[in-house]
Every structure is written in structure tokens, then in C-alpha cells.
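Asks: Quick one: structure below, then a few questions.
The values are calculated or read from the model by the stated rules, or taken from the named source; none is laboratory data. Remember, predicted model here, so these are calculated numbers, not experimental data. Cβ placement follows ideal geometry from the backbone for every residue including glycine, while neighbour counts extend to all protein chains displayed.
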Amino acid sequence: MPLIRRHGLSLVLFASSLLFFGYLGWERKETGFSELIPNGRSGEWYQGDTHCHTDHSDGGLQRFFPLLPADMMVKSQIRTALRRKLDFLMITDHRTLSHTYDPDFVRPEREILIIPSEEWGIDVHATVWGIQDEIENVANVEGSQWAVQLAHAQGGLIAMAHPARRRKSWFLRGKEHYKVEGMDAIEIWSGGWFGHFLSNNAEAVRFWEREFLNKGKKIVGIGASDSHVAQANVVGGVGYPTTVVFASGLTQGEILDGIRKGHVYVKSGRTPLALSFEADADGDGRYETLMGEEIQASPSIPIDFRIRLRRARGMKARLISQKGVLAAEKITHRDQILHFRLKPADSWYRIEVLRFGRITEALTNPIYIRRQN
Ligand SMILES: [Zn+2]
Ligand SMILES: [Zn+2]
């Protein structure tokens, strides 16, 4: 198709979607909800961190200054997680599960679920959760594929770590580790404020969309602090960002199952925000579809998407599909529900919440659309 015709077509699509939104608008109202439990489901929203280190691998400042005493104990990471009110934590030391034999791992001082995990990999990294044995490290694409198989054979999940970090990219030309089949999740937000730049998270989100979502491959977007240094826990570290999971309970199986289903959003460690992103495809007002799930939809029948937000006044919510940002709305109340109805022309829809118009506060997993003709 000639370039000009292609552009002409997308201009028409853009203009028609503007008209559509202009007509229906965004509904806005003060709400009285105190919980964000999705309609008709039993469970809770649990928050945690999927990736951090201790001195069982390269955690601690002695990584840079070998004469310093070890200070990034399993205990330090668990204490920070408790201070941040996390419900679950994956400690993911490099290529080892030795931290799972640490007395503080076996007997944490208070109630928190710690899932046995490691960070696999040499030239690319992946976090592997809920395993009993370390995964063999082979530094080529076949090795990455083998790691996925070995993780699943143990009932675990595996996630691409910092996929767009320059030296550890899953997308390097000629290597293309991302082409492995069966990867469960991808870090779309790695590290706190500085990590945002180091890990190139904007690029990670673009990879997620381009290579997975736009190709109809479901892979769950997660967050990871990749905390290494105890001193950094004062301003960031464990829980920066936070991964929030809807699960039927706080056990290893239930949290991993919630992640597997994509009932997940990622939020900044410092934000008080909480949310739920759901859809009602059949117009009965029940909002039976939760983020991570799929709707069988006819492109001619509108779907009602709903975002319920708590403690989000002054922030901005954006609706995004493979066409880019479809709509944006300022959140004017502390607790608020935003609705948008649209004919599902795209194959996925997700929400981003921003502060000051551009600092990311939260990213949801998509609601997927399968065309029904
Ligand atoms: Zn790593
Ligand atoms: Zn790491």
C-alpha cells in the first residue's frame, strides 16, 4: 500500500475514534467503595516484589568495595519488605538458591510469604519463582528455551529480567532470546527512580507491546526492584516498584496463579494509589473480565471498560491499545471510577496512570480481545 494511503487511513481511524470518545465521553463520579475486589470473586489484592538480591550473590556494597563487611542479609531485605507492607517477596540471588537455607529465610520474623526463587542467566537474565532446584545456565538462545522448560517442569514461573538494559538485553540483534516460547512474564518496570533510566523501562514497555501483545502473545507485565544495596533501601530498593496481584489467598501457589493469569498491575513504590481494571462485555453491569483475561467480542458491539481508582486525585489515567493512547482523563476525586465504552477494534487495552502528566505511577496488564465474527 502506498505510504500516503496508509497514513490517510490511520488519520481517518484517529478522527473517528476522537468523535467516538467525544460523544460518549468519560463518566466521572464520587464513589463510596472501600475495597477493589472484582465483581463476584473471592480473593484479595496482594503486593510484593519479584526480584531482589542478598549477600548470597552480589547484594551489598562489598560488591564494589570487597573489604567492607557483608550488610545485605536476607534479614535486611525481609525487614524492608515488611516496612513497606509487602505481602510477598521473591529473593532472587544470581544462579543460586543458597539464600533459601538462610535461617532468616526459613524463619522470617513476621508474616510475609517468601517464594523460593533465583535469578537465572549469564548473558541475559530471568527471574525464576517457586522452584526447588537451580536452573542450568547455558548462554545461548537454546539455553534460554531450556530454562523455560526446566522452570515449568518444577511448577515454577519464569520472567525476563530488565529486558531492555543495554548489556543484558533480551532483544539484542542476532541473539533474540525473546523468541523463546512459553516465557511467563516480563519486567516492564525495573528499579526505582534511577532504575527507570538505567533499565530503559520505556523501551521495555515498547518491546512488550511490539513483540508480544501486538502479535497476540499473552505475557504478563510485572515490576521488579532488583534491589542490591542496603543503603539504597532508604529511598528505594525493595518494593520500588511494587507488583500488585489479585489472588485467592496468600500462598505460593495462589500468588503464582494470580501472576500466571495476568491479574497484575505495577505501581511506583511511593504511590498510595490502588486500582482495578475490568470490563463488561455483555452489558449486564457485572464487569466479569479482569485485566489479564480475554473477551470474545464482536467488533460492532461496544464494551464497557471500568477503572476503579483509590487515592489517585490529581493523577491522569490513559487508555492505551496497539494504536497508542486512545484517551486520557484527569482524576479529580480521591476515589473515582472511570468508564469508557468502545467498539473493540484492537486486540488489547491497558491503562497507565501518570503523575504530573508524565511520571509513571501505575501500569496495568491488558484486557485482551479475541474477534468473534
Ligand atoms: Zn539481572
Ligand atoms: Zn537482579
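Asks: Can you confirm whether region 274-281 contains a residue that is modelled with pLDDT of 95 or more and either among the polar types (S, T, N, Q) or exposed (fewer than 14 other Cβ atoms within 10 Å of the Cβ) (or both)?
Replies: Yes, region 274-281 has at least one match.
Asks: Hey, could you check region 231-252 for residues that are free of Cβ contacts under 8 Å to residues at least 60 places away in the same chain and in a helix (DSSP H, G or I) and say which is surrounded by the fewest Cβ atoms within 10 Å (Cβ to Cβ)?
Replies: Val234
Asks: Given Asp346, Asp282, Asp257, which one is out of contact with any Phe, Trp or Tyr (no Cβ under 9 Å at 6 or more places or on another chain) and either of a type in the set (Val, Ile, Thr) or not in a loop (DSSP other than H, G, I, E, B) (or both)?
Replies: Result: Asp257 is the single residue among Asp346, Asp282, Asp257 that is out of contact with any Phe, Trp or Tyr (no Cβ under 9 Å at 6 or more places or on another chain) and either of a type in the set (Val, Ile, Thr) or not in a loop (DSSP other than H, G, I, E, B) (or both).
Asks: Okay, moving on. Is one or more of the residues making up region 188-198 within 21 Å of Val245 (Cα to Cα), of a type in the set (Ser, Thr, Tyr) and either within 16 Å of ligand 1 (Cβ to nearest atom) or not in a loop (DSSP other than H, G, I, E, B) (or both)?
Replies: yes
Asks: When only residues in region 88-112 that are buried (at least 20 other Cβ atoms within 10 Å of the Cβ) and more than 16 Å from ligand 2 (Cβ to nearest atom) count, which is modelled with the highest pLDDT?
Replies: Filtering first and then ranking leaves Phe88.
Asks: Given the structure, is Ile307 over 20 Å from the mean Cα position of the chain (by Cα) and hydrophobic (A, V, I, L, M, F, W, C)?
Replies: Considered against the rule, which asks whether it is over 20 Å from the mean Cα position of the chain (by Cα) and hydrophobic (A, V, I, L, M, F, W, C), Ile307 comes out as no.
Asks: In addition: Sort out for me the strands (runs of 3 or more DSSP E) sitting completely within region 93-177 that have 3 or more residues that are within 15 Å of ligand 1 (Cβ to nearest atom), more than 19 Å from the chain's Cα centre (by Cα) and closer than 20 Å to Glu211 by Cβ.
Replies: Correct list: empty, since no element meets the threshold.
Asks: Let me ask you something else. Given the condition over 13 Å from the mean Cα position of the chain (by Cα), surrounded by 15 or more Cβ atoms within 10 Å (Cβ to Cβ) and free of Cβ contacts under 8 Å to residues at least 40 places away in the same chain, answer yes or no: does some residue in region 215-230 qualify?
Replies: Within region 215-230, not a single residue is over 13 Å from the mean Cα position of the chain (by Cα), surrounded by 15 or more Cβ atoms within 10 Å (Cβ to Cβ) and free of Cβ contacts under 8 Å to residues at least 40 places away in the same chain.
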